[in-house]
Each structure stands twice: as C-alpha cells, then as structure tokens.
1. Using just the helices of the chain, give the 222 nm mean residue ellipticity in deg cm²/dmol: DSSP H runs with n ≥ 4 each add -39,500 (n - 2.57), and the total is spread over all residues, rounded to 500.
2. Within 10 Å of each residue's Cβ, count the other Cβ atoms and sort 99, 53 from fewest upward.
3. As I understand it, the value is the acute angle between the Cα axis of helix 88-97 and the longest principal axis of the Cα atoms of the chain; what does it come to in degrees, rounded to 10?
4. Mind sorting 39, 19, 75 by how few other Cβ atoms lie within 10 Å of their own Cβ, fewest first?
5. For the pair residue 68 and residue 92, how long in nm is the line joining their label points, each one 7 Å along Cα→Cβ?
6. May I ask you to give the average projected area over all directions of the convex hull of the Cα atoms of the chain, in nm² rounded to one decimal?
7. For the Cα atoms of the chain, what angle does the longest principal axis make with the long axis of helix 13-40, in degrees from 0 to 90, nearest 10?
8. Quick one: if the Förster radius is 22 Å, what FRET efficiency do residue 83 and residue 38 give, using the C-beta to C-beta distance and rounding to 0.05?
C-alpha cells in the first residue's frame, strides 16, 4: 500500500528525500551539540599511578604478564604497604624502550 500525504496523494520520492535530509540534519546538530558539551565540560584527571590491572589495560597485556615484567624488574613499581602501583610515565618509557 502506498504512503499517502494528508491531501490524499501518494508521497513522492522527492518529498521523502527532503524529510530524510531534514531529520539527518537535526540528528547531526544534536550529536554535534553533545560532543561539544563533552569537550567543553570539566576534563577528567587521569591518575598517575595505576594498579597492575589498569596497567595491563593501558599496555594491552594481561595482568599476569605485567606481574612477570615487575618480577623481572623491567617495570619499576611504587609500593604503598602491600599495594603495588605503576607510574604511567614509567609505562610510557617502557613502551618507547621496546619499540623497534
């Protein structure tokens, strides 16, 4: 069954194109406004010290492989009591050191 406009006439392809274009412009404007609001909002402070798990995510490696690097003294750690943290700058240095 063909779609019909309120006047009882079939809607043309040109009319549909205009409507789709108008909707697309509105969606694009809303997305742009939300992105600008996120960029202009308060910036997130990135922690300098990461847990072993977070360091694994940062380097794209498993938690166990990070523990091996710590045990082999390839990655320096910051110990606070029994907790082990890794400095983000040390991870960046390790990345640079291991580039070909």
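What follows is calculated from the coordinates using simple rules that are stated; it is not laboratory data. No experiment lies behind these values; they were computed from the predicted model shown. FYI the Cβ positions are ideal-geometry reconstructions off the backbone, even for glycines, and counts take in every protein chain you see.
1. Value at 222 nm, helices only, nearest 500: -17500 deg cm²/dmol.
2. On the way: 99 5, 53 11.
Listing 99, 53 from fewest to most nearby Cβ atoms yields 99, 53.
3. On a 0 to 90 degree scale, this one is about 80.
4. Numbers: 39 8, 19 11, 75 20.
Lowest to highest Cβ neighbour count: 39, 19, 75.
5. 2.7
6. 13.9
7. The answer is roughly 30 degrees.
8. Efficiency at R0 = 22 Å is approximately 0.10.
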